[in-house]
């Protein structure tokens, strides 16, 4: 997939072009857009394999993490992601259709809210991909203080024990130890 981002008038626009062999499910795209699920950019299919996503102005999560965050800010991001995936499940959408790449997850610098991209194409992905995404977030971030490292090391050990992605279990962990 190819991604191109631009901002205009305090809005973020992401153009996603899928390879020709990956047909977008237009019906699922339309249904997803009609649901207005929080934490997701709103899609509009432009062409057979092109979708324009829009939402509040934001920067890539990668850039945000590299600037330096506390463990509380990091855990807030994890909670937003687990909440978004729970809403997806409730609406009966597949989590493997979300782009789990920190370059294409966006965050508002003002509100600290994340925005994810949902692309309805059939993708063969590892069910643990989101756990790998969390580890990638941890490996990318720059911490504000040394004490924060202990919390993240404990969270990393917790993630390594997970057999599958269970958002409720992750939320419970963060509530107890984060």
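The values are calculated or read from the model by the stated rules, or taken from the named source; none is laboratory data. Because the structure is a prediction, the values reported are computed rather than measured. No Cβ is skipped: glycine too gets one built from the backbone with ideal geometry, and neighbour counts run over all protein chains shown.
Which one is modelled with the lowest pLDDT among residues in segment 131-178 that are within 23 Å of residue 106 (Cα to Cα) and in a loop (DSSP other than H, G, I, E, B)?
Taking the candidates together, the pick is 178.
Return the total of residues in segment 116-130 being part of a loop (DSSP other than H, G, I, E, B) and under 17 Å from residue 23 (Cα atoms).
Total meeting the criteria: 8.
Can you list the helices (runs of 4 or more DSSP H) found entirely within segment 1-115 that contain at least 2 residues being within 16 Å of the chain's Cα centre (by Cα) and crowded, with 20+ Cβ neighbours inside 10 Å?
61-67, 71-90
Step by step: first the residues of segment 23-59, then only those that are out of contact with any strand residue (DSSP E or B) (no Cβ under 8 Å at 6 or more places or on another chain) and free of Cβ contacts under 8 Å to residues at least 12 places away in the same chain, then the one that is nearest to residue 107 (Cα to Cα). Which residue is that?
34
Go through segment 60-73 and count every residue that is farther than 17 Å from residue 99 by Cβ and in contact with a strand residue (DSSP E or B) (Cβ under 8 Å, 6 or more places away or on another chain). Talk me through it step by step, then tell me what you get.
Going through segment 60-73, the residues farther than 17 Å from residue 99 by Cβ turn out to be 66-73.
Still in the running and in contact with a strand residue (DSSP E or B) (Cβ under 8 Å, 6 or more places away or on another chain): 68-71.
The number of residues fulfilling the criteria is 4.
Could you list, in sequence order, all residues of segment 74-87 that are out of contact with any strand residue (DSSP E or B) (no Cβ under 8 Å at 6 or more places or on another chain) and closer than 15 Å to residue 172 by Cα?
Hits for segment 74-87 are 75, 76, 78, 79, 82, 83, 86.
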